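The values are calculated or read from the model by the stated rules, or taken from the named source; none is laboratory data. The model shown is predicted, which means the values in this text are computed figures rather than measured ones. Cβ atoms come from the backbone with ideal geometry, glycine included; neighbour counts cover every protein chain shown.
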Amino acid sequence: MSSAITRSKLIKVIAKEIVENFNTKLKIQDICEAVGISRQSFNRYYSDLKPYMKGEKPINELVMNQSDISSNQLLCKYQSKIKELQDELEDIVKSHEIDLSKVKNSMTTSLMNNDLSVHDADNVRLQLQKQSLHSDKLKEKINRLEVELSKQYIDNNLKSSTTPLNDNFQVIDVDFELLFKNFSATQDIDVFEDEKEVAIDNLISMTNKLLINDKTIVVLFMERYLSSFNKFVERYAFNSEDLHLFVRLPVHSRSELKLTLNKFNKQGALKIYIPYSASDTVTKSQRNFYFRNVPETELQAADKSFLPSIKDGFEHVCQFKIRQGD
């Protein structure tokens, strides 16, 4: 699929969501899935579309050069949507007036019975509303700080993430658990995907610094959230004394893997190992023990992931069956 065709499809999907569904805060992941591209491809080639997805730029600018979407069509759809919302608002206003009348009658009766009690209740209600608003603001601030703290921790953690085990191999990893916990707090999948992409780029950068010659071997562990990466390293059988670099890679689509591999230095051999589970019971048990904080969307992406081959640029590809406890 050419870049121009992909861009046209993206524009159509964005315009449809904004105009027909009145959605001005679109998720990158949803748009990418609708068009059939990876999030990395979107960020790399079509990031200029983000302001339209967030409602920061008018949609008519985006469709100006689209032959099958005209400004008149957009205007008609907007007018139809406005009429629909006006009718809905009118119904709400009528319903509100009825409810307000009932409340007024009830309040009048209550005031006649006990003016002081009602006055005190109003004061309590206003105080609770103020406290609720204050709590919401504090939660919002905490979420923002947790995101920044997570990013800072990742950067600091990467400085010491290269763990020497002996003279002929090293483990390069980052604590992805922090990203998972941050998502649990914010439930923002776009922030999670951005943080994961930054973490993977930093892992690649660290690996490239250690690729000292063409005899160095990079062993990629394709994370499927099925078995322990550390146990995989411990049980790895060496067949040479060359330097081995072990890297955990949570990438689930062929397009993402291709973009990731292009970032590695060309010197050195690439090997990839993919864990496999033939039992749903074992999968569930392993994830409950090792990966209970992984977002559901991440687990689903791992379950739908493809199987790499030699044609993808590897010297060695191995899919191995896991057992419970691995």
Test: residue in the range 10-17 that is in a helix (DSSP H, G or I), surrounded by fewer than 18 Cβ atoms within 10 Å (Cβ to Cβ), out of contact with any helix residue (DSSP H, G or I) (no Cβ under 7 Å at 6 or more places or on another chain) and at pLDDT 85 or above: yes
Any hit, the range 230-249, residues being surrounded by fewer than 18 Cβ atoms within 10 Å (Cβ to Cβ), hydroxyl-bearing (Ser, Thr, Tyr) and within 21 Å of Glu177 (Cα to Cα): no
Residue, surrounded by the fewest Cβ atoms within 10 Å (Cβ to Cβ), within the range 295-326, restricted to residues that are of a type in the set (Val, Ile, Thr) and over 15 Å from Phe229 (Cα atoms): Ile310
Members of the range 188-201 that are of a type outside the set (Val, Ile, Thr) and either more than 15 Å from Leu299 (Cα to Cα) or touching a Phe, Trp or Tyr at 6+ places or on another chain (Cβ under 7 Å) (or both): Asp188, Asp190, Phe192, Asp194, Glu195, Glu197, Ala199, Asp201
Among the candidates Leu49, Leu89, residue that is part of a helix (DSSP H, G or I), farther than 30 Å from Phe192 by Cα and either modelled with pLDDT of 75 or more or hydrophobic (A, V, I, L, M, F, W, C) (or both): Leu89
